[in-house]
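*Asks:* Take this structure, written in structure tokens, and hold onto it; I'll ask about it next.
Throughout, read-outs are computed from the coordinates displayed, never taken from laboratory work. Keep in mind the model is a prediction, meaning the values are calculated, not measured. Methodologically, a virtual Cβ is constructed for each residue, glycine included, from the backbone with ideal geometry; neighbour enumeration extends over all protein chains shown.
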Amino acid sequence: MRFACLVAILIAAVPASAQELGLPADCTPGKDCFVQQFMDMQEGGGIADPFCGNAAYDGHEGTDLRVLSMADVERGVPVVAMADGTVLRGRDGEPDHLVVTDQDRAAVADKECGNGMVVDHGGGLEVQYCHMRRGSLVVAPGDTVNRGQKLGEIGASGMAAFPHVHVTVRRDGTVVEPMTGRRPGQGCLKEPGQAAPLFAADVAAALGGGRPQLLAMGLAGEPLDHAALPVSGPPPAATAASPNLVGWGWLINLRAGDRIRLVVTGPDGATFAETMTERMDRPKAAYSSFAGKRGAPAPGRYDLKVEVWGNAGAILRKSGSFTVE
């Protein structure tokens, strides 16, 4: 009887296990949403994402899941609860505006999270959701939510240089990195197999390890305007009436030493245009490259290859076919 009582006391003293966390948005990673930045695990100066790469920035305390552009914000991409829980507090009403200048940064001082909320997900876990679209929040403090339930929509409120939802996870009041289960002071992991993610296994696998990713690719009728990409998204497709034909690729999380190769093959099977960049002199959070020729293109099917080459060879290869009419 004493043993049974002791066991009952010990079980009652152990906190309920935390829920596995789901994705914070209703989207498909690698297709219509992408991890732009993970938490910075390097104390002091320097940058290290959870797996010792550069998919972070100095002092970043969360995970940023982005969409391509403000055009996606306009169509509405739901931010969803990562687990069952209760809304603790929230804020709405901040405008959606991409931060580009010092004036932009000053305008959002002390409101860096923009529109968002904090949700208690039980087991000592709290998640702060940030940068949501103004007027999109559909739950309020005190509401209970279920995993996958809509909380609002991805936006660009607060300190947002691109449209995304930022999530900061805290366990018992301490920030924790959800891909590895480690606190910032514990550093990054060179061996991903040592991670103990708070995310569900399928979510952690889908989010990847901070490697270079291709956001989009295609054929355009004009040289690519990189600054316009996060605002209006991919450029209009080339037609037979376009003044030029340009194959382009838009990438994130490139590393120092990476090179970008683009090859456009024409309807006749011959190489229409090709380029290989110089090695990156430093990590690039976002980068675009293009190759093409002046003059109206011949109608037909064109093939485009976009590759990322590291010091040890190709680390990303994507290809697609596009019809010019």
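*Asks:* What ranking of THR63, THR265, THR271, THR277 emerges when the number of other C-beta atoms within 10 Å of each C-beta is taken as an exposure proxy, fewest first?
*Replies:* Details: THR63 26, THR265 19, THR271 10, THR277 16.
Sorted ascending by nearby Cβ count, the order is THR271, THR277, THR265, THR63.
*Asks:* If each of ASP143 and MET276 carries a label point 7 Å out from its Cα toward its Cβ, how far apart are those two points in nm?
*Replies:* 5.4 nm
*Asks:* When DSSP assigns beta bridges and you keep just the ones with both residues in the range 18-207, what percent turn out antiparallel, to the nearest 5?
*Replies:* Numbers: 37 of 39 bridges.
Beta bridges within the range 18-207, antiparallel portion: roughly 95 percent.
*Asks:* Just rank VAL263, VAL306, VAL324, fewest to most, by other beta-carbon atoms within 10 angstrom. Show your work: numbers first, answer last.
*Replies:* On the way: VAL263 18, VAL306 24, VAL324 21.
Neighbour counts put them in this order, fewest first: VAL263, VAL324, VAL306.
*Asks:* Local charge sum around ALA106 (other residues, Cβ-Cβ under 15 Å, Lys/Arg +1, Asp/Glu -1)?
*Replies:* Combined, the nearby Lys, Arg, Asp and Glu give -3.
*Asks:* Net charge within 14 Å of VAL231 by Cβ-Cβ distance, Lys/Arg positive one each and Asp/Glu negative one each, not counting VAL231 itself?
*Replies:* Counting the neighbours of VAL231, the net charge comes to -4.
*Asks:* Another question about this same structure. May I ask you to compute the full-extension gain from ALA285 to ARG317, defined as 0.36 nm times their residue separation minus their alpha-carbon distance, rounded to one decimal in nm? It would help to have the intermediate numbers written out before the result.
*Replies:* Numbers: separation 32, 0.36 × 32 = 11.52 nm, distance 1.84 nm.
Extending this stretch completely gives an extra 9.7 nm.
*Asks:* Starting with the fewest neighbours, write out ARG134, ARG89 ranked by other beta-carbon atoms found within 10 Å of each beta-carbon.
*Replies:* Values: ARG134 19, ARG89 12.
Listing ARG134, ARG89 from fewest to most nearby Cβ atoms yields ARG89, ARG134.
*Asks:* Compute the length gained on full extension between ALA241 and THR101: take 0.36 nm times their separation in residues and subtract their Cα-Cα distance, giving the result in nm to one decimal.
*Replies:* On the way: separation 140, 0.36 × 140 = 50.40 nm, distance 3.68 nm.
Difference between extended and current length: 46.7 nm.
*Asks:* OK, next. May I ask you to evaluate 6.51 cos²θ - 1.76 cosθ + 1.60, the Karplus curve with θ = phi - 60°, for each residue of the range 251-268 and list the ³J(HN,Hα) values in order in whole Hz, giving x for glycine and proline?
*Replies:* 10, 9, 6, 7, 10, 4, x, 5, 10, 10, 10, 10, 9, 10, 10, x, x, 7
*Asks:* Out of these labelled values of Rg/Rh (Cα atoms, Kirkwood Rh), [x] 1.05; [y] 0.95; [z] 1.00, which was calculated from the coordinates shown here?
*Replies:* [x]
*Asks:* Hand me the tally of lysine pairs in the chain: alpha carbons under 23 angstrom apart, and the pair either on different chains or 8 or more positions apart.
*Replies:* Number of lysine pairs found: 11.
*Asks:* Here is a further query. Can you grab the distance from the C-alpha centre of the range 215-274 to the C-alpha centre of the range 144-211, Å, no decimals?
*Replies:* 31 Å
*Asks:* What would the Debye formula give as log10 I(q)/I(0) at q = 0.11 Å⁻¹ for the alpha-carbon point model of the range 47-199, no solvent?
*Replies:* With one equal scatterer per Cα and no solvent, log10 I(q)/I(0) is -0.43.
*Asks:* Give me the angle, in degrees from 0 to 90, between the Cα long axis of helix 2-13 and the longest principal axis of the Cα atoms of the chain, rounded to the nearest 10.
*Replies:* Between helix and principal axis, roughly 40 degrees.
*Asks:* Turning to a different aspect of this structure: Starting from the Cα of ASP26, step 7 Å along the direction of its Cβ; do the same at HIS226; then give the gap between the two resulting points in nm.
*Replies:* Each label point lies 7 Å from its Cα, and together they span 3.5 nm.
*Asks:* If you don't mind, there's one more thing I want to ask. Would you calculate a helix-derived [θ] at 222 nm for the chain, using -39,500 (n - 2.57) for each DSSP H run of n ≥ 4 and dividing by the full residue count, to the nearest 500? Walk me through the intermediate numbers first.
*Replies:* Details: 5 runs with 35 residues, N = 325.
After summing the helix terms and dividing by residue count, I get -2500 deg cm²/dmol.
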